[in-house]
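Written out below as structure tokens is the structure these notes cover.
The values are calculated or read from the model by the stated rules, or taken from the named source; none is laboratory data. As the structure is a computational prediction, the values presented were derived from the model and not from experiment. Quick reminder, even Gly has a Cβ in these numbers, built from the backbone with ideal geometry, and neighbours come from all protein chains shown.
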Amino acid sequence: MKLSDIAQVIRSKNAGPRRLTLDIMFGSDADYHRVVQSPALGAENIGRLYRLPPEQVTIIPYPAGRAIKIVMARSIMAGDPGDYDVYGAQQHAPLLGIEV
Amino acid sequence: MTAAARIIAELRRTPRPIRLLGASGQLGYGIPAASFKAGIDRCPDLIGCDMGSIDIGPTYLGKGEMATSPEATRRDLRRVLLAARQLDIPLVIGTAGSAGAGPHLDATLAMLRDIARLDGLHFRMAAIRADIPRRLLRAAVRSGKVTSFDGMPALTEQDVTEAAHIVGQMGMGPFRKALESGIDVIVAGRACDTAIFASLPAVLGFPLGLAMHMAKIIECGSLCCVPGGRDPILAELDHDGFVLESMNPDRSATPTSVAAHSLYEQSDPFTMQEPDGTLDLTHARYQAVDNRRTRVSGATWRDAARPTIKLEGACKIGERAVLLCGSADPRFIGQCKALLPNVADLVRTLVCEELPMDYTLRFRVYGIDGVRMVVPENEPQPGEVFIMGECIAPTRERAAEVVRTCKQFLLHFGYPGRLSTAGNVAFPFTPPEVSLGPAYRFSVYHLLHVDDADSLFPVEIETT
């Protein structure tokens with residue numbers, strides 16, 4: 001099953017102009033627990049999708065919100081010349097097709 | 001007696017829960033009238049509005065201009081001001097004018113004075129400046145009191161000198177000082193959004209962890225609800241927790257939706273650094289009161305040993321002009337990523353005949369890689385693409401020259417296998433070149449370590 005078929009929210013946004021935060025939220029505890037244990041959501045795999053070394057990717061499970069947070073450095077500071085997404089609101093696309 | 005003095009005296013005399021209305025997470029984009037009226041009908045003790053953010057990028061801070069339109073901003077300010085004066089409660093506005101530097105604060109104050117004059121309102125207004133003096137900051141750089149974070153290079157004295165505007169994010173101190181000195185309205189420059197709502201509860205002795213957690217949620221209006229939205233939200237805070245309720249009956253603050261809001265634009269959902277300390281949500285609890293309201297408790301607060309002020313500054317990097325066009329030719333689309341650098345080379349030979357290479361020219365190809373930080377390999381070729389050429393040059397004229405030259409030579413650029421010899425691109429309108437004015441980048445995003453943070457943010461009081 002694809003992540004986009006099971007998650008209720010998959011979004012990205014800046015956490016300050018130098019970091020990107022991606023939130024994956026679920027509609028039930030069962031869905032959350034199913035995905036949170038999957039290696040597909042590990043730093044190794046997420047780093048591969050975003051072409052970053054795994055040590056630059058932080059995965060934070062957040063059971064109270066039935067959510068998983070991913071934090072990574074932006075490859076370019078928000079608003080610098082060459083930036084393509086000042087708010088960082090469209091960098092979630094690589095997550096949609098993850099098989100879980 | 002001012003609104004702040006009245007509320008503080010009333011709640012000290014007869015302690016009770018305090019009601020705070022989060023009117024807008026971004027004042028100047030319109031406040032829904034029905035849900036705002038519903039909030040006012042609940043007789044809040046304070047109306048708070050956030051007016052800005054760093055998310056909008058460096059240009060507004062650099063130029064000293066608002067992101068919102070003057071007409072909509074004035075309408076929103078009038079709506080919240082009239083309501084606050086009618087109820088005789090404090091109105092607290094943070095990060096005035098989108099970025100909270102001097103010109104943003106001054107423009108917001110001018111609008112409020114104008115509204116006061118036209119509506120015949122008389123009140124005491126505190127203006128809190130957030131601009132950090134250059135001399136002080138250069139001295140702080142020299143003495144190692146400015147540190148980097150999130151991988152930002154070290155700040156130099158030159159960065160400080162060259163920035164168009166530098167602001168610091170103030171915490172609760174200046175707000176508390178203003179509230180305690182008796183005001184009806186506070187308009188702050190760059191400020192932590194939490195300070196807008198947590199300062200009055202702090203003056204009244206409510207637990208800081210709860211007040212901060214509440215502030216963090218209601219500064220975004222009803223975004224913490226399902227469905228999330230921009231309607232005003234009411235929080236009722238007591239000494240053990242707070243209850244959240246959207247003022248739009250179609251939005252529900254549920255335990256999961258409120259808990260999930262702790263993720264929003266934060267890199268850590270459990271601990272949040274503020275200038276005055278750390279908010280810890282590890283033991284936060286979210287319980288449904290009914291199907292539209294949630295009660296939140298359990299957040300704790302640790303005072304910082306020494307205040308830390310987050311600095312934001314933007315410097316001008318040139319003048320920006322863009323070229324807007326598209327293509328539907330499969331042969332051109334298939335080769336365009338390789339062709340565009342060749343077009344840029346050709347442009348350079350033309351515009352640099354008598355002048356040095358003094359500009360940057362880059363292309364984003366929407367449909368291929370205009371949006372994404374990383375693009376998967378072997379994606380199918382799109383049927384159409386949109387191409388944006390962007391030039392940043394020392395002058396407006398130079399940037400225009402580069403994109404205009406680029407337009408003509410991109411249109412007629414020859415390549416192997418070309419069939420469409422009358423033109424490679426479509427223009428949605430002419431002229432397809434647009435001068436966007438000065439371009440900025442964030443040159444300051446650092447931490448300033450100080451002994452007395454409040455002295456950086458002077459409180460000036462005036463009477464309208």
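Observations
- Among the candidates A:Arg66, A:Arg74, A:Arg18, A:Arg51, residue that is touching a Ser or Thr at 6+ places or on another chain (Cβ under 8 Å) and facing another protein chain (nearest Cβ under 9 Å): A:Arg66
- Scanning the stretch A:1-15 for residues that are within 7 Å of another protein chain (Cβ to nearest Cβ), more than 11 Å from the chain's Cα centre (by Cα) and part of a strand (DSSP E or B) yields a single hit, A:Asn14.
- Unique match (being touching a strand residue (DSSP E or B) at 6+ places or on another chain (Cβ under 7 Å) and assigned to a loop (DSSP other than H, G, I, E, B)) among B:Pro438, B:Pro428, B:Pro416: B:Pro428
- Among the candidates B:Thr360, B:Thr300, B:Thr308, the residue that is of a type in the set (S, T, N, Q), in contact (Cβ under 8 Å) with a residue 12 or more places away in the chain and touching a helix residue (DSSP H, G or I) at 6+ places or on another chain (Cβ under 7 Å) is uniquely B:Thr300.
- Verdict on B:Ala127 being surrounded by fewer than 24 Cβ atoms within 10 Å (Cβ to Cβ), in a strand (DSSP E or B) and under 21 Å from the mean Cα position of the chain (by Cα): yes
- Of all the listed residues (A:Gly79, A:Gly88), the sole one being in contact (Cβ under 8 Å) with a residue 24 or more places away in the chain, under 12 Å from the mean Cα position of the chain (by Cα) and within 17 Å of B:Gly151 (Cβ to Cβ) is A:Gly88.
- Of all residues making up the stretch A:77-100, the number that are more than 7 Å from chain B (Cβ to nearest Cβ), in a loop (DSSP other than H, G, I, E, B) and charged (D, E, K, R): 1
- Filtered residue count, the stretch B:87-124, keeping only those that are under 17 Å from B:Ala178 (Cα atoms), more than 15 Å from the chain's Cα centre (by Cα) and not in a helix (DSSP H, G or I): 7
- Only residues that are surrounded by 24 or more Cβ atoms within 10 Å (Cβ to Cβ) and either more than 16 Å from B:Ile8 (Cα to Cα) or in contact with a Phe, Trp or Tyr (Cβ under 8 Å, 6 or more places away or on another chain) (or both) were counted across the stretch B:201-218, and they come to 9.
- Any hit, the stretch A:28-40, residues being more than 14 Å from chain B (Cβ to nearest Cβ) and among the hydroxyl-bearing types (Ser, Thr, Tyr): yes
Conditions tested, residue by residue: (1) over 26 Å from A:Val86 (Cβ atoms); (2) touching an Asp or Glu at 6+ places or on another chain (Cβ under 7 Å); (3) away from chain A (no Cβ under 13 Å); (4) at pLDDT below 95.
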site	(1), (2), (3), (4)
B:Leu355	yes, no, yes, yes
B:Asp358	no, no, yes, no
B:Glu379	no, no, no, yes
B:Ile387	no, no, yes, no
B:Pro394	no, yes, yes, no
B:Thr405	yes, no, yes, no
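- Which numbered condition A:Pro61 fails, given (1) facing chain B (nearest Cβ under 10 Å); (2) more than 23 Å from B:Asp268 (Cβ to Cβ): (2)
- Here B:Glu401 meets each of (1) surrounded by fewer than 18 Cβ atoms within 10 Å (Cβ to Cβ); (2) more than 32 Å from the chain's Cα centre (by Cα); (3) of a type in the set (Asp, Glu) with one exception, condition (1).
- Some residue of the stretch B:208-220 being more than 22 Å from the chain's Cα centre (by Cα), part of a loop (DSSP other than H, G, I, E, B) and over 15 Å from B:Gly48 (Cα atoms): no
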